[in-house]
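Notes follow the structure.
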């Protein structure tokens, strides 16, 4: 029995003292030493036969301390586990941009502003493992796939050809960063990219109306006003690339297939910057001819060196595509015309038979004066010598109705001299014997649907 610290007094028999815990009672004394009890009267005592045989200190304080320490330890461990779990969740949420290749090889993260970095498996899932059913277009730069991201956003994923040969990691990141800096309402915005040791992918917003090339083939046909708006929008986009972007960007493959249409049928120039990006794996050569037959300027075809006037030539062909509703190599076929396509267009213009050029699907619903002006701009842009072609800033002004008459009159006065020099190398002759599928380094992109 535990009688400790109860302020008891009096003698305790020796036999019974062994069965009690009387610690902390200084007035209790042993039997036979009552004189030491200061005259106190012994108190009646009782005991239980179930008590321990030996008198021992109580274990409750010690047990309480052990339990407290054990509980505290468990609490700390629990808090550590919860904290570590929260840290893992936070890192998982905020580090989605850190790329791991399909073989889990880590690629050093770089800062590219608001440009999003995707994991390869993320784009693989979005495109249903790059299913052929999701292909929006095929071309020299690679295939374009429609994809749906995990958050429901629909995108167009361009899987570049020979991804493992498109420069090194740093070079690719630099070019991608430059492309992302070109922001204009008439330029296709780069949404993100993916880079692995074997793959290079670019992610763009999805354009529900597809390309100009695809829209020219379907019903309802684009009306004249829409075609004029597309021409002006594309011109403004190229103007930004040439004169307002730093560093300036030469497109090198201006054509109807690379002019996309947003929800309001506004022109959006796509695929800019890709020719330069892909040139970096051509060893030391950075002047490889990349483009589509029928759109390539003669000086670019002969020397491999491009300039902003190369794009101007391609834009002139684009205008003719908008007018005729046909691809460049199809011009004049309906009229059984053979030979140089641009020479045929010039002949039609001189004979004032422009109605032969117009897309029959428009059913003569166009302004004849505006048609003549657009043909004149197209012929100015496709002049043989690049120095004779206007800049894109001049093209924009002419499409807006400013300065075309003076520019056209001046070109007609100089035409006899230019023709004799152009005969030495006729781009039209180069194209006259080519088929629709002919190409140089890059084949024409055929779109199967919206992009």
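The values are calculated or read from the model by the stated rules, or taken from the named source; none is laboratory data. Given the structure is predicted, the values throughout are model-derived calculations rather than measurements. Please note: Cβ atoms are built from the backbone with ideal geometry, for glycine as well, and neighbour counts cover all protein chains shown.
Residue-wise test of (1) closer than 14 Å to residue 120 by Cα; (2) crowded, with 21+ Cβ neighbours inside 10 Å; (3) modelled with pLDDT of 90 or more.
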site	(1), (2), (3)
150	yes, no, yes
158	yes, yes, yes
167	no, no, no
206	no, no, yes
209	no, no, yes
Worksheet item: If only one of 356, 362, 374 is assigned by TED's automatic domain parsing to the domain that holds residue 312 and crowded, with 21+ Cβ neighbours inside 10 Å, which one is it?
Response: 374
Worksheet item: Does residue 291 satisfy being crowded, with 17+ Cβ neighbours inside 10 Å, at pLDDT below 95 and assigned by TED's automatic domain parsing to the domain that holds residue 330?
Response: yes
Item to complete: Could you please let me know if residue 225 is in contact with a strand residue (DSSP E or B) (Cβ under 8 Å, 6 or more places away or on another chain), in a helix (DSSP H, G or I), over 23 Å from residue 307 (Cβ atoms) and at pLDDT 95 or above?
Response: no
Item to complete: Go through (1) under 21 Å from the mean Cα position of the chain (by Cα); (2) crowded, with 24+ Cβ neighbours inside 10 Å and name the single condition residue 247 misses.
Response: (2)
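Evaluate the following for residue 200: is it within 19 Å of the chain's Cα centre (by Cα) and surrounded by fewer than 19 Cβ atoms within 10 Å (Cβ to Cβ)?
no
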Practice prompt. Evaluate the following for residue 257: is it at pLDDT below 90, under 23 Å from the mean Cα position of the chain (by Cα) and in a helix (DSSP H, G or I)?
Written response: no
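Only one of these is crowded, with 19+ Cβ neighbours inside 10 Å, within 23 Å of residue 314 (Cα to Cα) and not assigned by TED's automatic domain parsing to the domain that holds residue 362: 190, 241. Name it. Break it down into steps so the answer makes sense when it comes.
Working: 241 fails: not assigned by TED's automatic domain parsing to the domain that holds residue 362.
That would be 190, the only listed residue that is crowded, with 19+ Cβ neighbours inside 10 Å, within 23 Å of residue 314 (Cα to Cα) and not assigned by TED's automatic domain parsing to the domain that holds residue 362.
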